[in-house]
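First up is the structure itself, then whatever we jot down about it.
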Amino acid sequence: MAAYFLLDIDFGTNLAGAEAARRLIRASPPLRAGARRVSLHDSLVGDGSRVIAVPRGVGYALPVELAERTRRLDLTAEELSALGWSLYDLLRRCTGYRLAAVGWELGEIWFEDGELSPEYAADLAAGGLHGLVVSDDVRRALPAATPFEPFEPGYQWMPYRGETST
């Protein structure tokens, strides 16, 4: 099974916002990963209201069609964390999304049909979903005690802490 390090963004019903994010990702210059620069796959940006930004070569068991075109990068935890911060910088240029996260396919786990998965309610309440970004609308629907901090105007987050291993 393939595993990708990525930025996963859910736009809910905002298809225009999702398309704008796809254009932004396709036009993005390579991102910083420490001293390295890593480009993004332009063909793996999702469809509908879900948009993903997948750095080239940062993953395991890449599908054959990607592995043939992409050399796998062995990034240190520090380089991977720097790449994560670069993905959040890219997210700051997006608008109109509901939920977003950077990591090893966290969106597929944390998001379920455009909503936060109920399986992670305890982690959410404890502030354990590091890197989760939610719109103010989503935030208002969550329990008041959920610990979020400002991310950008209109968005709150549980701050990203970086990666501990690759």
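Here are some notes:
- Student exercise, segment 6-51 dipole from Lys, Arg, Asp, Glu Cβ charges, in Debye to nearest 20: 320
- Gain in span if fully extended, GLU78 to LEU15, counting 0.36 nm per residue against the direct Cα distance: 19.2 nm
- Distances between placed amide hydrogens fall under 5 Å for ALA33 paired with VAL38, all partners being 5 or more residues away or on another chain.
- Given their separation in residues at 0.36 nm each and the Cα-Cα distance between them, ASP123 and ALA35 gain 28.3 nm when the chain is fully extended.
- The length gained on full extension between LEU24 and GLU115, counted as 0.36 nm times the residue separation minus their Cα-Cα distance, comes to 30.4 nm.
Each value in this text was obtained by applying a stated rule to the coordinates, not by laboratory testing. What you are looking at is a predicted structure, and each value in this text was computed from that prediction instead of being measured. Quick reminder, even Gly has a Cβ in these numbers, built from the backbone with ideal geometry, and neighbours come from all protein chains shown.
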